[in-house]
Each structure stands twice: as structure tokens, then as C-alpha cells.
Amino acid sequence: MTSKKTESINSELTCLQAFRNAVDEAGIVAITDVRGRILEVNDNFCEISGYSRDELLGANHRILRSDHHPMEFFKEMYRKIANGKTWRGDICNRTKNGDLYWVDTTIVPLLNQLGKVGGYLTLRIDISEQKDLVERLQQLAHHDPLTGLPNRVAILESIQKVIDLRSGKHFALLFMDIDRFKLINDSLGHDVGDKLLQEFATRLRKSVRATDLIQAARLGGDEFVVLLENISDPHDATLVAERLMKTLAQPYELGGYTIYSKASVGIVTSEHLSETASEMLSNADMAMYEAKAAKMDRPIVFDRVLRDKAQKRLYIENELRDVIARNELKLFYQPIVELESGAVKGVEALIRWFHTESGLINPDEFIPVAEEMGMIIPIGNFVIDEACRQLGAWRKSLGENAPANLHVNVSRKQLEHPTLVTIVKQAIQKHQIPPDCLHLEVTESIIMHDRKTSIETLNQLKKLGVHIDVDDFGTGYSSLSCLGDFPIDVLKLDREFIKKSDRSREVMLIHALIILAEKLGLEVIAEGIETPEQLALLRKLGCGYGQGFFFSKPLSAEDVALSILNANWNTPHLTIV
Ligand code: C2E
Ligand code: MG
Ligand code: MG
């Protein structure tokens, strides 16, 4: 009993001391009874709350409440202090005239002589400025400064909340990317580019303002995303996307220009729910990518087919990393034939990936992935070296029967890489092949991408003595007038032309291209010849060379040597395999 009493006195003394100290340090101090009735306040308290001392004394502490905190917050606080424990936390209070202010609050229970809680001492420190600062920082961290829209961080948080809620209601993400934005930015300047992004954001904001259940954000660059919550049917997302696309496609009047711009839109709905927001976003991105490639002016919804494609892509990406060390890449060779004589003029090296578990993976499946992840450089270097090594070996073993020309495909990243010329030079020297045997095949979209650099690199390659072919001609930009600017030797007509060569329009086009090439001093190789009719037509139109399954599918290096040794090399259409 004695010891409890001493404790109580000590505690009261400590509290009084605390009170004095606090007052001295100009804190905001009050004493209340157990029911919260105010018994004492200091001047700071009156000043910050806007009430006079007379108004406060006898009033209940609740007059400061702001409705910012839920009831549970105060219940928890009272539970603690009623048990004689000190409570500390941030509270949002309301002044007499209704303004809100934040205070770091410590509530110390005052024990009476019986050791029971007889009242409370509250010490508050004004932290409104800090709270403002934190809020402003949060605003900055969650908003895109250019457009004022929420940014990637903010929208990812919102998406994650919707995922975690698992309310059973449908939601959707629309991923949008402005078509040809880079072109607009590069040609009209960054100011116009910025204005376009701002106007795009304004239109988005206006279109989605109707309800709280739609949020638009800018992810960065020309990528935007819209989150649709609580939709009754996932199909509604497509309708919203179509409406948005219409609004966004209206012409933009910016800096004296009228700009026509559209957005490609990919959609993912809660029917394909992922665990994480970023996974959902990347699925929507993938659908957008498909929409852009399809050039159909309509949104594409992420579905099972796309998911399988995404998984396969991820698998390829992982497996590609050490593909060279695993020794799984092989080159096959497809004959290129002189159409008039039927003699083989050369071979095109075509890469094959023999995966130990998945079997054969075709270049169309892995070359674009290798391009994106940068693996195309080591893979491309391997191809150049291996193809040259093979030609060197054939020349040694077959002598003058060896293929006269070797065509090797080069991708855009390779052409842009500063080491390409050195790599080609080294391969030629190391394997002792005459440089003019080597043809490097580049597509027209590759050389048109960065014309100036392409012309420089192609000129350096030409100086080594190698030839340059334009592959898949007719599928890219088809800027016929530019052909003369590039140091090229051969046009390879894309197999789509040959496939449709039963139509008179295509025939006219093929004919015109052959005449144009002749005028420019270029040779022509027709790709994808599959039938005797196609061969006859191309011969008639004066096409010099051809390649295709009619003559031969791509063969392993061993089969090429066998064909040559069996002497059916000069009638290669018999070697269809
Ligand atoms: P490409 O350079 O245009 O190669 C011709 C493609 O057409 C080859 O496909 C060939 O097998 C196919 N082809 C040939 N004749 C016919 C035909 O009569 N009918 C049909 N339907 N197809 C025919 P492949 O080997 O699957 O290669 C596809 C593409 O992958 C190549 O197109 C090329 O762009 C790329 N590629 C292949 N190997 C390499 C490489 O080593 N490096 C790079 N960067 N790309 C490569
Ligand atoms: Mg090619
Ligand atoms: Mg081709």
C-alpha cells in the first residue's frame, strides 16, 4: 500500500515536472479530467485552437475533433490511457473556425492518490508544416510533372489495391501508346512533343472525369494507362477503349501545326488476374504491342493465346542467355539459283536453334527476342564467323564446286553496333575467303531507320569488298527513290510478291521493280519460289536469280556438300527435301 502511494506521488510529481517543462518549451499543453473535460490549457493551446481560455475551460476535449480519424482510432487510444499507459501519435484537430491542423500528441495519464487515473496531461507539438511537406512530397512522387496525371508509382499502387481487394467485381486496365510519337517529337521538336502529351492527357482526363471508378495515369514517354474499376462486364472495357480512341484521334492544333495522332490500346481485364500490378500492366502492354503491330485501329484484349505467347517469349529470353555456350545454334544453307541456267550461284545462311528440350526453334521466334535483349550481337557475331568458316571449309574440300557466294543476314542492332565492320573483316581474314563472296543482307526498314549512320557503315563494309543485299524488299518503307542513295548491290524481292504473282497487279509490280533494279545496276533475287509457274513467270520477267522451296529448302552444311558431290547441284530443283 505504502509503495503504491509513493508511486502515485512520484508519478504526480513527474507529471507536474513534465507539464512545467513542456510549458517552458512552448508546447501546446492541456490537462483534462477522466471524461475529457478541460481543466487547464496554456496560451499556445488557445492560439492554435482559436478558442479563448474561457471557452476551453470546462469544455469537452472533443470540440477539437476533425472527423479525420475513425472511431476505432480514439477507442484504441482511450483503452490505453484508461489503463494508465502513455499514448503517443499524430492527431488531426480542428480549430474554432474549422481549419485543420496536425499535432504530434502525447497523453500522459495522471494517477491520483489511490493510484487510479484521475485525469490526463496532453502535450501537443504542431506538425502541420511537416505534414504539408510530406503531402507535397507524396504528390510529387505520385504525379507526372508534365501532364499532372498520376504517375507509374501511383497507378501501380491503385492497381495493386484493386487486385488485393478481390471484391469479385470486374476491372480492366487500358494500356495506350501514341502512334508515331517519336517521329512527331523528332521532326517537330520536343516542345511540340510535350504539348501533344499534355493535350493527350487533358483529353484523357476529361473523358474519364465522369466517375471516381476510372483513373488515368502517365507511365512515362508516350505511354498512358487507364484503370476501370467495378465494370459489370469485361466487354465494357473494349467499349470504353473505343470511345477513348475516337476522342484521342481528333486532330491536335499545336504550335501552329495540325497533328494527326492516334493511340494503340491493349486491354487486360480481371478475367486474367495476376498477383502483381506490374504483371497485369505488362500483360496490357503486350496486348497494346499486338494492337500496334496489327495496325487495325482497334483495341486488343489480352487472352490465353497472348498469355501463352508471353510465356513462350519469357522462356526463349531465359534460354537465349547462354545459347552460344550450350552450342545449340546451327546454320543451315539455302541455295540461290541463277534462273536462266538453273545453276546454284550461292547460299543464304539461315540460323537454327536446336534446343535440347524444346527441339527446333525457328529464327522468326527467337531473333526478334534476341534483338530486344541485345543477345543479337553475340549471336550475329557467331553467325558471321561460322558462315565464313563453313565457306572456307567448302572451298578447301570442294574447290571450284564450292558455293560462289555466301549471303548472311544482319539485324538492325548489328548494323548500328560499332564493331560490325571489324567483325566482318576478321572473319574474312581468319577463314581466308575472298571478300566479294560475302553478301550481307539487311532489310530496307533497317537502313531507313537511321539513314546517315547506315550509309556510313554500309560504305565501310563496301570498302572491305563485301556486297550488300536489301532483304525482303517491298515489305518496309519501300522508298524507291531512296534506293539510289544506298551503296547496295542486290534487291531480294519479298516472297509475298511471289506468292501473289497469280494476280496481274503483282506481276506489274514485280516487272516494274526488276526494270528499276536494272536501271540502278542492281541484281534481283526473287524469294520464296515454290512452283514451276512462279519460276516460269520470273524468268519471263527477266528476274536474274531466285530462291525457294521449289529449288531446295535450307540444308545442313553436310547436305550441301553431299548435293554438290552427287552432282545434282546444277539441277537443284530436284533436291527438294
Ligand atoms: P530471310 O532472310 O528473308 O530468309 C528467308 C526465309 O524464307 C527463311 O526462313 C527461309 O527458310 C524461308 N523460305 C525460303 N524459301 C521459301 C519458300 O519457298 N517458301 C516459304 N514459305 N519460305 C521460304 P527462316 O530460315 O525461318 O528465316 C526467317 C528469317 O529469320 C529470315 O528471313 C531472316 O530475316 C531471319 N534470320 C534467319 N537467320 C538469321 C541470322 O543468322 N541472323 C539474323 N539477323 N536473322 C536471321
Ligand atoms: Mg535473308
Ligand atoms: Mg528475305
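Some observations on this one:
- Yes/no for F354 being within 16 Å of ligand 3 (Cβ to nearest atom) and open to solvent by 30 Å² or more (accessible area, probe 1.4 Å): no
- R65 being more than 15 Å from I107 (Cα to Cα), surrounded by 13 or more Cβ atoms within 10 Å (Cβ to Cβ) and within 51 Å of the chain's Cα centre (by Cα): yes
- For the range 34-62, residues that are touching a residue at least 12 places away in the same chain (Cβ under 8 Å), within 20 Å of G119 (Cβ to Cβ) and open to solvent by less than 70 Å² (accessible area, probe 1.4 Å) total 15.
- Taking the range 528-558 as the range and being within 11 Å of Q334 (Cα to Cα) and of a type in the set (D, E, K, R) as the test, only K553 passes.
Condition check ((1) in the same structural domain as I367 (by TED's automatic domain parsing); (2) farther than 30 Å from G189 by Cβ) across all residues:
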residue: E242; (1), (2): no, yes
residue: M245; (1), (2): no, no
residue: G256; (1), (2): no, no
residue: I267; (1), (2): no, yes
residue: E279; (1), (2): no, yes
residue: N283; (1), (2): no, yes
residue: M286; (1), (2): no, yes
residue: L320; (1), (2): yes, yes
residue: V337; (1), (2): yes, yes
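- Under the condition of being among the hydrophobic types (A, V, I, L, M, F, W, C) and under 21 Å from D236 (Cα atoms), the residues counted in the range 141-164 number 4.
- Scope the range 425-457; condition of a type in the set (A, V, I, L, M) and away from ligand 2 (no atom under 16 Å from the Cβ); matching residues: A427, I428, I433, M448, I455
- Test for I384: is it among the β-branched types (V, I, T), in contact (Cβ under 8 Å) with a residue 40 or more places away in the chain and either assigned to a loop (DSSP other than H, G, I, E, B) or exposed (fewer than 15 other Cβ atoms within 10 Å of the Cβ) (or both): no
- Answer residue from the range 536-560, given it is open to solvent by 20 Å² or more (accessible area, probe 1.4 Å) and not in a loop (DSSP other than H, G, I, E, B) and is farthest from M508 (Cα to Cα) among those: E558
- Selection of strands (runs of 3 or more DSSP E) fully inside the range 261-378 by the criterion of at least 3 residues being among the aliphatic types (A, V, I, L, M) and under 30 Å from I564 (Cα atoms) returns 329-338, 344-355.
- When G374 is tested against (1) away from ligand 3 (no atom under 16 Å from the Cβ); (2) open to solvent by less than 40 Å² (accessible area, probe 1.4 Å); (3) at pLDDT 95 or above, exactly one condition is not met: (3).
- Scanning the range 186-210 for residues that are open to solvent by less than 30 Å² (accessible area, probe 1.4 Å) and not small (G, A, S) yields V192, L196, L197, F200, L204, V208.
Yes/no matrix, rows are residues, columns are (1) surrounded by fewer than 16 Cβ atoms within 10 Å (Cβ to Cβ); (2) not acidic (D, E):
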position: G266; (1), (2): no, yes
position: E271; (1), (2): yes, no
position: S278; (1), (2): yes, yes
position: M286; (1), (2): no, yes
position: Y289; (1), (2): no, yes
position: A293; (1), (2): yes, yes
position: P299; (1), (2): no, yes
position: R304; (1), (2): yes, yes
position: K309; (1), (2): yes, yes
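- Filtered residues of the range 523-548 (kept if within 16 Å of ligand 2 (Cβ to nearest atom) and of a type outside the set (V, I, T)): E523, A526, E527, G528, Y545, G546, Q547, G548
The values are calculated or read from the model by the stated rules, or taken from the named source; none is laboratory data. These numbers were taken from a predicted model, which means no experiment stands behind them. FYI the Cβ positions are ideal-geometry reconstructions off the backbone, even for glycines, and counts take in every protein chain you see. Just so you know, the surface numbers come from the protein's heavy atoms only, side chains and all, with ligands and any DNA or RNA stripped out. Shrake-Rupley method; radii C 1.70, N 1.55, O 1.52, S 1.80 Å.
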